[in-house]
1. Using the heavy atoms of the protein chains and a 1.4 angstrom probe, tell me the accessible area per residue for the chain in square angstrom.
2. Relative contact order for the chain using alpha-carbon pairs under 8 Å, separation at least 6, rounded to a whole percent?
3. Roughly what percent of Cα-Cα pairs across the chain reach past 18 Å?
4. Rounded to the nearest 500 deg cm²/dmol, what is the calculated helix-only ellipticity per residue at 222 nm for the chain, with -39500 (n - 2.57) per DSSP H run of length n ≥ 4?
5. Any chance you could run the full-extension gain for SER59 through SER96? It's 0.36 nm times the residue separation minus the Cα-Cα distance, nm to one decimal.
6. Ignoring ligands, DNA and RNA, please state the percent of accessible area on the chain from carbon and sulfur, probe 1.4 Å.
7. May I ask for the angle, rounded to the nearest 10°, between helix 52-63 and the longest principal axis of the chain, with both axes built from Cα atoms and the value confined to 0 to 90°?
8. Could you give the length gained by full extension between VAL105 and ARG84, i.e. 0.36 nm per residue of separation minus their alpha carbon distance, to one decimal place?
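The values are calculated or read from the model by the stated rules, or taken from the named source; none is laboratory data. Model, not experiment: these values are computed from the prediction. All accessible areas refer to the heavy atoms of the entire protein, side chains included, with ligands and DNA or RNA removed. Shrake-Rupley method; radii C 1.70, N 1.55, O 1.52, S 1.80 Å.
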Amino acid sequence: MPPSKTSYACLPCRASYKQPYDRERTHRVCPRCAGALIHVGSAFAAPRRRDTAAWRTLSVLLNAGVRFHKSCCGGPGYRPRTLREVKERMAYAERSGEPFARALVRPEPPH
């Protein structure tokens, strides 16, 4: 059985690549720009390259440490899709003191 593949993303190129997962090989290089790839998880679905707002949203999520790994019951759970949703959750995190990564994956931020 071939090794399972997982997704890696390059934010500057707005591209994602499926590659076999290997714990030993932690550093991956983008084939387009030779920059570092970010391991985003096997449940990742990349936005279209020209959708700059979606890539900006994704950039905030990835830089906060949010990834797209499958859970035992399905996909990765809720992830914001728009900058408005990200801003709402980040404002909540600022007010409450909750870590950004946890606030970003809340389906509904408390008001």
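1. On the way: 7290 Å² over 111 residues.
In whole numbers, the chain has 66 Å² accessible per residue.
2. On the way: 149 pairs, mean separation 21.8, N = 111.
RCO, the chain: 20 percent.
3. Numbers: 3248 of 6105 pairs.
When all Cα pairs of the chain are counted, 53 percent exceed 18 Å.
4. Numbers: 3 runs with 31 residues, N = 111.
My calculation for the chain gives -8500 deg cm²/dmol from helical runs alone.
5. On the way: separation 37, 0.36 × 37 = 13.32 nm, distance 2.28 nm.
Gain on extension, SER59 to SER96, equals 11.0 nm.
6. Numbers: 3800 of 7290 Å².
Of the solvent-accessible surface of the chain, carbon and sulfur hold 52 percent.
7. Between helix and principal axis, roughly 90 degrees.
8. Values: separation 21, 0.36 × 21 = 7.56 nm, distance 1.38 nm.
Between VAL105 and ARG84, full extension yields an extra 6.2 nm.
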